[in-house]
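What follows is one structure encoded as structure tokens, with my remarks underneath.
The values are calculated or read from the model by the stated rules, or taken from the named source; none is laboratory data. These figures come from a predicted structure and were not determined experimentally. A quick note on method: Cβ atoms are made from the backbone with ideal geometry, for glycine too, and the neighbour counts reach across all protein chains shown.
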Amino acid sequence: MEKLLRGDQIFTEVGVVENGYVLVSDKNIKKIGLNDDDGTEEYEEIIIPDSYILPGFIDLHIHGFLDIDVTECNVSDLERLSFELSKHGVVGFLPSLISASSDVIIEQVNKIRSIVGTKDGGARILGVHLEGPWLHYERRGAHPQQWVRNPEKSEVKKIIRETKDIVKSVTFSPEIENAVWLTEVLSHAGIVPIMGHTNATYEQAQRVILAGARHVTHMFNAMLGFRENKNELGTIEPGIEAAIFNHDSVTVELIPSPTFVSYPLIELVWKLKGPDKVILVTDAGRGTGFPEGYVMEFQDGRKAAVRKDALRLIEDGPLHNALLGNIHTLNVGIKNLARHLNIPLYTALKTVSLNPARVLGLQKSHGSLMPGKRADIVVTDRELNILMTIIHGEIVYRSAKSKD
């Protein structure tokens, strides 16, 4: 039976519909209209007062949630992860692996592949993101140091051969050996080459952008750009930021938390890139969703804790208390972005829906509410708390508040 979803405001791709409805037929959006013209007689009617009807969220960069770590987990954990994310409005995501051995990378990708498209009931896996292992050692962040390395051609070809059907993006440092070659190989395989974890100069970033790099992992995190010109006292050399800002083709990820990116820098990115080139991501990891003080240990012996502002490493050494991951979900990030930049919610929504869909080349079927597109829908209250998540036309999550 068709579903008719009524709400106070419907945020479509072309504008906001006041007091309207979304008609869902099979797995797609059939029609969007006004409440005085529902256009059908047989449907399951769903009315949630004082609600927003939004496009479902797409997270391009997420490592885990609760006790689940994508790089270490099993298949049942991945299925549970999909359901948990749907509670927070996520309809599609890229499980993100951190730097590891080639065998572990291929093994985990195989696990993810085994459940893609096989089960409903949660956020859909849209592919895999490899963050590393080809990163600059000094900018590895929380990546295990023993697995950060330069791209050797035989290893790269092996990983791509075994995973290119499902790996959609790879983050690497533009300044490492063979970076331009790596960019070209990834592009040829249909994989999005992403710049990140980097000390790259302007020239190094420029070379990989011209070779096909079109995206940036968590801008301003694990990244060093502008620096003093050693040859001209009192002047600044352009860094990777200048290359990113000078190329309109490059899209930018932001972690929407002032702990990771200060608001003045968020404002700068927004002014220079605009609402169509910014993508919010969680970069969430194991521990996100647990209360402050929760401590976890990884298979490699590293420990981390949930703090009030982020996931942070626990260790004896220079990385103690270093940022490991964000704890804010995308609905919180959208709200913070809209309020701080003083922009309409309609504009901010693009950063978690249509913009990430474009990065993946899925904008014709995903990322917005339009007739003919997939019925991936989130219903929230006016504070963007999640009331209902519909994925591919099916209700996969409904809060107790939405049933009152």
Somewhere in the stretch 323-342, is a residue in a loop (DSSP other than H, G, I, E, B), surrounded by fewer than 17 Cβ atoms within 10 Å (Cβ to Cβ), touching a residue at least 12 places away in the same chain (Cβ under 8 Å) and out of contact with any Gly (no Cβ under 9 Å at 6 or more places or on another chain)?
no
Run Val116 past the list (1) at pLDDT 95 or above; (2) closer than 20 Å to Gly190 by Cα and report the number of the one that doesn't hold.
(1)
Hey, Ser365 hits all of (1) touching a residue at least 40 places away in the same chain (Cβ under 8 Å); (2) of a type in the set (Ser, Thr, Tyr); (3) out of contact with any Pro (no Cβ under 7 Å at 6 or more places or on another chain) but one; which does it fall short on?
(1)
Residues (over 13 Å from the mean Cα position of the chain (by Cα) and charged (D, E, K, R)) located in the stretch 336-366
Arg339, Lys364
Return the residues of the stretch 280-298 that are farther than 18 Å from Glu131 by Cα and out of contact with any helix residue (DSSP H, G or I) (no Cβ under 8 Å at 6 or more places or on another chain); say none if nothing qualifies.
Gly287, Thr288, Phe290, Pro291, Glu292, Gly293, Tyr294, Val295, Met296, Glu297
Among Val22, Val75, Val104, Val70, which is the only one that is outside the structural domain of Pro133 (by TED's automatic domain parsing) and either more than 30 Å from Ile166 (Cβ to Cβ) or out of contact with any Asp or Glu (no Cβ under 7 Å at 6 or more places or on another chain) (or both)?
Val22
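Conditions tested, residue by residue: (1) surrounded by fewer than 19 Cβ atoms within 10 Å (Cβ to Cβ); (2) not hydroxyl-bearing (Ser, Thr, Tyr).
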| residue | (1), (2) |
| --- | --- |
| Ile62 | no, yes |
| Leu78 | no, yes |
| Leu85 | no, yes |
| Ser96 | no, no |
| Thr118 | yes, no |
| Tyr137 | yes, no |
| Glu162 | yes, yes |
Which condition from (1) under 27 Å from Val16 (Cβ atoms); (2) over 15 Å from the mean Cα position of the chain (by Cα); (3) crowded, with 22+ Cβ neighbours inside 10 Å is the one that Val306 breaks?
(1)
Would you mind finding the one in Gly274, Gly289, Gly293, Gly225 that is in contact (Cβ under 8 Å) with a residue 60 or more places away in the chain and out of contact with any His (no Cβ under 7 Å at 6 or more places or on another chain)?
Gly289
Consider Thr389 carefully, then state whether it is touching a Phe, Trp or Tyr at 6+ places or on another chain (Cβ under 7 Å) and surrounded by 19 or more Cβ atoms within 10 Å (Cβ to Cβ).
yes
Unique match (being charged (D, E, K, R), over 24 Å from the mean Cα position of the chain (by Cα) and in the same structural domain as Gly301 (by TED's automatic domain parsing)) among Arg214, Arg161
Arg161
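Each row is one residue, and each column tells you yes or no for (1) out of contact with any Leu (no Cβ under 8 Å at 6 or more places or on another chain); (2) in contact (Cβ under 8 Å) with a residue 24 or more places away in the chain.
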| position | (1), (2) |
| --- | --- |
| Asp8 | yes, yes |
| Val17 | no, no |
| Asn35 | yes, yes |
| Ile58 | no, yes |
| Ser76 | yes, no |
| Asp120 | yes, yes |
